[in-house]
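These notes are about the structure you will find just below.
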Amino acid sequence: MDTSVAVVGLGSTAYGALGRRADDLAGEALRAALADARLVPGEVDGLLTHRVDSYEALAAEHGLDPAWTAALPPEGRMTGPALQLAATALRAGQCHTVALVYGNDSRTRGATYGSGGSGSTAAGEGYGTTPALLAPYGMTSPGAFSALMLARHRYRYGTTERQLGAVATTWRAHARLNPAAMRRDVLTVDDYLGARFVVEPLRLFDYCQINDGGVAVVLTTLDRARDRPHVPVQVLGAAQRARLTGSDLPPDDFWAGALGEVGRAVARASGRDRDAVDALMVYDNFSPNVLFTLEGLGWCAPGEAGGWVEDGHAALGGTLPCNTSGGQLSEGYLQGWALVAEAVRQLRGDGGARQVPGARTIQYACAAPVTSTVLFGREA
Amino acid sequence: MHVSRTVSEHVEGLRRGELRVSRCGACGVPAFPPPRLCPRCGAADAATWFTASGRGVLWSVAVFHRTYLPEHPAPYPVAVVELVEGPRLVATLTDPTVPVGCAVIAEIDARADPPRIAFRPDDHEGAAR
Ligand SMILES: [Zn+2]
């Protein structure tokens, strides 16, 4: 029996300062995804919500009475696990069609990712599992965590600021081909170097956007997917590996061990190795993560990703086009979901001016205390 | 997100001018902050506290140029130091230009509230590795 699963519906809102609540945006994305798949609520029997305040209200407003429900905490590291979880439920026959729904109102709430917070905002704002060891020193922000990793990477390998800047400028060139991207003005390396430090060695353009928006994805079994209007985009493999022990401090290996493990797992599951991957959607909350991910997945030797990006390998037309939408640095920060949406659009051939010609296999990867990757593909 | 863990021994130690950190009392693996279960041997609530030498190596440093909280006006450095005894911890630096990889030694400001550790270059640096 074929237990393959595929994306058949995709919906997204505008990304930006929208003045709307997360659940409202998630609902708009859900309705768009159901329309895209030409499904009615009664045909959806699985619901997974991420960063949504009330899965109950969302379901009630959309006529969903699923056989399978899951609600994940708001960290962006949960996006890969969300897809893995839903795919596993489908393969196990626990349900046949899952809507995965994400909403984010961090711009409207005024999130800064570094000023503390309480209640439902704490996950985005608070920092670390042991604040008594961090707060006295002003170690408050995930950006600082990434800055510490970059400073360490520099010490180990000599990664230059121009090399890192190539991530932001490459993504921006991609965003200029994406009408939905938030940032589409020209960004040169000199612009990058001239911008202020936020947490040195990270500059302004090393940080992702802070915006509102929603994304929804409908997953179903491949046999059902063949009856839907769009070409099925299969989930060929998904894997995760946590490094939660000691996660208040940056990992010594830049998460390379976890990345290597999940990369090998999806290659094994899919029968498609790294050479088959046509594009990579890499979790870029901060640009150093791109370098760590390229090295951890084995695209570059340790310490060589900066030069690799600077040489154009990650650009459209390069060896491995990355974040063809402009990524979270330029398109918008939907905690991985906009990158997943871009993978689906590229594999459907809907990439417009930024289409990767003949794309068959696209990888999503997130290096984090829960590292994950998902391999998407069209039938060979 | 904010899981409480018992670090009052560390904080109270700083108030006395001592750098108190923990290791597993059963197998000796460095484990700070103290875990409920040792990640190596599984011993429960077995962490034991000891006074560290204060010597270590600057693992990394970042400098905040943005003020997120009024009690921490920018610019200020945040350091990660690996102690010679094994644990790593977050602290500040007496001088933000100390290079990564430098041997450092702790100075404890016991009268600050909360008390804080600042590392400075270790001129003897026999402890560097
Ligand atoms: Zn032990």
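The portion of the accessible surface of region B:8-121 made up by carbon and sulfur, rounded to a whole percent, is 49 (1.4 Å probe; DNA, RNA and ligands excluded).
Applying 1/(1 + (r/R0)^6) with R0 = 25 Å to the Cβ-Cβ distance of residue A:304 and residue A:273, what FRET efficiency is obtained, to the nearest 0.05?
In this case the efficiency is close to 0.80.
Residue order by solvent-accessible surface for A:78, A:149 is A:78, A:149, largest first, with ligands and nucleic acids left out and a 1.4 Å probe. Taking every residue in A:144-151 and counting other chain Cβ atoms within 10 Å of its Cβ, the average works out to 5. The residues of region A:48-196 expose on average 38 square angstrom of accessible surface per residue, using a 1.4 Å probe on protein heavy atoms. With a 10 Å cut-off around each Cβ of B:70-82, the average count of Cβ atoms from other chains is 4. A simple packing score, the average count of other Cβ atoms within 10 Å per residue, orders the peptides A:38-47, A:174-183 as A:174-183, A:38-47, with the highest score first.
Relative contact order of chain B, taken over Cα pairs closer than 8 Å and 6 or more residues apart, is 22 percent. Looking at region B:8-121, the accessible area is 44 square angstrom per residue; that uses a 1.4 Å probe and ignores ligands, DNA and RNA. Each part gets one Cα centre, and for region A:226-269 versus region A:1-41 those centres are 23 Å apart.
Just to confirm a number: summing +1 for Lys and Arg and -1 for Asp and Glu over residues other than residue A:356 whose beta-carbon lies under 14 angstrom from that of residue A:356, what do you get? Taking every Cβ under 14 Å from that of residue A:356, the sum is +2.
Just the C-alpha atoms of region A:288-358: what Rg/Rh do they give, with Rh taken as the Kirkwood radius? When Rh is taken as the Kirkwood radius, the ratio is 0.97.
Sequence-distant contacts, meaning Cα pairs under 8 Å at least 6 residues apart, place the relative contact order of chain A at 24 percent. Rounded if a/c is under 1.5, else prolate if a/b is larger than b/c, else oblate: which is the protein assembly as shown, with a ≥ b ≥ c the root eigenvalues of its Cα gyration tensor? Cα axes put the protein assembly as shown in the prolate bin. Inter-chain neighbour count for B:40-52: the average number of beta-carbon atoms from partner chains within 10 Å of each residue's beta-carbon is 0. Positive end of the dipole of the protein assembly as shown (Cβ unit charges, origin at the Cα centre): among B:59, A:355, B:90, the Cα lying farthest that way belongs to A:355. Of the solvent-accessible surface of region A:78-215, computed with a 1.4 Å probe and all protein chains present, 52% belongs to carbon and sulfur.
Summed over both chains, the accessible area lost when B and A associate is about 3200 Å², using a 1.4 Å probe.
Hey, what's region A:300-378 come to in accessible area per residue, 1.4 Å probe, Å²?
Averaged over the residues of region A:300-378, the accessible area is 23 Å².
Annotation: for a label point projected 7 angstrom from Cα along Cα→Cβ of residue A:319, residues of region A:166-201 with backbone N closer than 19 Å are A:166-171.
Which distance in Å, rounded to a whole number, links the C-alpha centroids of region A:67-85 and region A:302-355? Centre-to-centre distance over Cα atoms comes out at 23 Å. Helical content alone sets the calculated 222 nm signal of chain B at -1500 deg cm²/dmol, taking -39,500 (n - 2.57) per DSSP H segment of four or more residues and averaging over every residue. In this Cβ point-charge picture (+1 for Lys and Arg, -1 for Asp and Glu), chain A has a dipole of about 360 debye about its Cα centre. In this label model, residue B:112 and residue A:379 are separated by 6.4 nm, measuring between points 7 Å along each Cα→Cβ vector. Quarter the surface of the alpha carbon convex hull of region A:253-311 and you get the mean projected area, 4.1 square nanometres. Treat each spin label as a single point 7 Å out from the Cα along the C-beta direction, and report the residue A:54 to residue A:188 distance in nm. Distance between label points: 5.2 nm.
The values are calculated or read from the model by the stated rules, or taken from the named source; none is laboratory data. This one's a predicted model, so the numbers in the text were calculated from it and none came from an experiment. Because the Cβ atoms are built from the backbone with ideal geometry, glycine has one as well, and the counts that use them run over all protein chains shown. Protein only, heavy atoms only, side chains kept; ligands, DNA and RNA dropped before computing areas. Shrake-Rupley method; radii C 1.70, N 1.55, O 1.52, S 1.80 Å.
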